[in-house]
1. Select from segment 69-83 the residues that are out of contact with any Pro (no Cβ under 9 Å at 6 or more places or on another chain) and modelled with pLDDT under 95 and write down the one among them that is least open to solvent (accessible area, probe 1.4 Å).
2. Just to verify a result, which residue in segment 423-441, among those that are assigned to a loop (DSSP other than H, G, I, E, B) and closer than 16 Å to Leu317 by Cα, is nearest to the chain's Cα centre (by Cα)?
3. If you check every pair at least six apart or on different chains, which have Cβ atoms under 8 Å apart with a residue in segment 147-160 that is more than 17 Å from Asp119 (Cα to Cα) and among the aliphatic types (A, V, I, L, M) first and a residue that is open to solvent by 20 Å² or more (accessible area, probe 1.4 Å) and not in a helix (DSSP H, G or I) second?
4. Against the condition in contact (Cβ under 8 Å) with a residue 24 or more places away in the chain and either open to solvent by 70 Å² or more (accessible area, probe 1.4 Å) or closer than 21 Å to Phe175 by Cβ (or both), how does Lys230 come out, does it pass?
5. Within segment 123-154, work out how many residues are more than 30 Å from the chain's Cα centre (by Cα) and either under 18 Å from Val498 (Cα atoms) or open to solvent by 60 Å² or more (accessible area, probe 1.4 Å) (or both).
6. Mind checking whether some residue in segment 380-388 is under 18 Å from the mean Cα position of the chain (by Cα) and of a type in the set (Gly, Ala, Ser)?
7. Failed condition for Asn447, given (1) over 23 Å from Asp286 (Cα atoms); (2) open to solvent by 60 Å² or more (accessible area, probe 1.4 Å), with all others met?
Amino acid sequence: MNFNEKDILQIEKKGISKDEVEDQIAIFKRGNLKVNITEAATEGKGISRIEATEKHELIDFYNSEKSKYSILKFVPASGAASRMFKALHNFSEEFDPENDELRDYLDKKGDADLQRFFDHVDKLPFYKHAVNKAKKSHPDYEDLSHDHHHSILVHTILDQDGLYLSNLPKGLVPFHKYDTHISTAFEEHLFEAAKYITVDGVARVHFTVAEGDREKFEAEWNDVGERVEKSTGVKFEIHYSYQDPKTDTIAVTGEFEPFRTEEDTLFFRPGGHGALIENMNQLDADIVFVKNIDNVVTEDKVQQVADHKKLLGGKLLKVQTKVYEYLEALDKGNVSHEKLDEIQTFLNDELFVKSGSDGDMFVENLKHKLRRPLRVCGMVKNEGEPGGGPFLVKDSDGNTSLQIIEGAQIDNNNPEQAKTAREATHFNPVDIVCGLKDHKGEAYDLNEYVDEDMSFIADKTKDGKELKALERPGLWNGGMARWNTIFVEVPVETFNPVKTVSDLLKDSHQPA
């Protein structure tokens, strides 16, 4: 690839090398690689269903053991709220209350979310604020028609001289309205974290945010911190990080040439949430809970969520204790055949890590398989169409392990692979607890456990021109592909994402 001197300087400024960029271009030419799913992970075959007695035991175990560990909650929070308000943006551009009727517009659109928005807009946490602002900017507001009210409200919610909510980071959009205050997803994450990661009266929470947004989050903490700490009786240590520019990836044209901007510079794009594995790698913690910014509930419903977080944490600590015991025994040597068989059975039955015996390398092979970061992932029953989720996957070396696989990674042109995908019974709600250190207390280098072949190529546009973009292996997909993994069923009530503004009208986001 012929890069000019200006290109080389731009590449080096990002902290990457020319060789890395050429490797990325080679991935574009190769195309997306599909995974080999051998079975859908289902209850009893890769997914554990914890009964009530064991649930309480795991929660008690977590509560009794957590003070021995450095625990942290990791929240990817760099997403903008623009997608959340996409339907409202379309409405604001298309609907003219002078010439259109709202009922006709909604019937024509057939958008259930948009219909729900207009039916129950008064239940949104920012409704009164929007109405008050609308009345100030439209003195004749009270005299206007119902359709005019809705049009003005939408513009007030979106526009720069209104609430400008779609310009906010998603974590700072008002989510819940209480009698005394309105809370954002940021605040709800803190309230929830206090319930299960507090050690010695302190809860540590790490948010990955977009550059330029940190000050906004810090300002929000200044506004709500005293209230949250008083309400929970917990002190918070809040940290932030940005997605490292060196994880950005080159974009290319349809002919696999580097895509150039109108200023004739190379165009790099953020490498997707998979790039955050490096942010996680920098954390100083033994145990890390991972949860997306928009997946929160109101305070009156948070205890069930916290209990299941503790359940997952208890499961991780139980299994990790066993892994440590086995690794220490293997390090000492002279392990009996019975013990070796026990370890092999544990790998097969508990971690679903399966491969043939390696003869003289058998003991080293066991060590290699045990000495990996460990994660326990909550899985929710799929109540809709099967899609990406938990599967048993065979790699190029013939080894089988549990993986979280997205639909785009599956070869649906292969009838057998498509059939296996349809057999999935659960999906991944990004409800994960991670063990980041080995039996000697040494932190794993998480970059060593990424499957780079799970990168993903997508079609995008820039300045009206089509391009191909490269996303790094997803944080909980290829980014954790070589971790040891356990799947545990959790109730759907623990999964309450806000993908559209209308999701805020669901019961889980309406305080009792």
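1. Checked segment 69-83; the qualifying residue least open to solvent (accessible area, probe 1.4 Å) is Ser82.
2. Of the residues in segment 423-441, the ones assigned to a loop (DSSP other than H, G, I, E, B) are 423-425, 428-430, 436, 438-441.
Those still in the list that are closer than 16 Å to Leu317 by Cα too: 436, 438-441.
On the way: Leu436: 18, Asp438: 24, His439: 27, Lys440: 29, Gly441: 27 Å.
Step by step, filter segment 423-441, then rank; the result is Leu436.
3. What qualifies is Leu158/Tyr164.
4. So Lys230 fails the test.
5. Total satisfying the criteria: 13.
6. Yes, segment 380-388 has at least one match.
7. Only one criterion is unmet by Asn447, namely (1).
Results for (1) more than 26 Å from Gly272 (Cα to Cα); (2) among the charged types (D, E, K, R), shown as yes or no for each residue.
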residue	(1), (2)
Asp23	no, yes
Ser48	yes, no
Asp60	yes, yes
Lys73	no, yes
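The values are calculated or read from the model by the stated rules, or taken from the named source; none is laboratory data. This structure is a prediction, so every number in the text was calculated from the model and none was measured. When we count neighbours, we look across all protein chains shown, and the Cβ atoms used for this are built from the backbone with ideal geometry, even at glycine. Accessible surface is based on the protein model in full, side chains and every heavy atom, while ligands, DNA and RNA are left aside. Shrake-Rupley method; radii C 1.70, N 1.55, O 1.52, S 1.80 Å.
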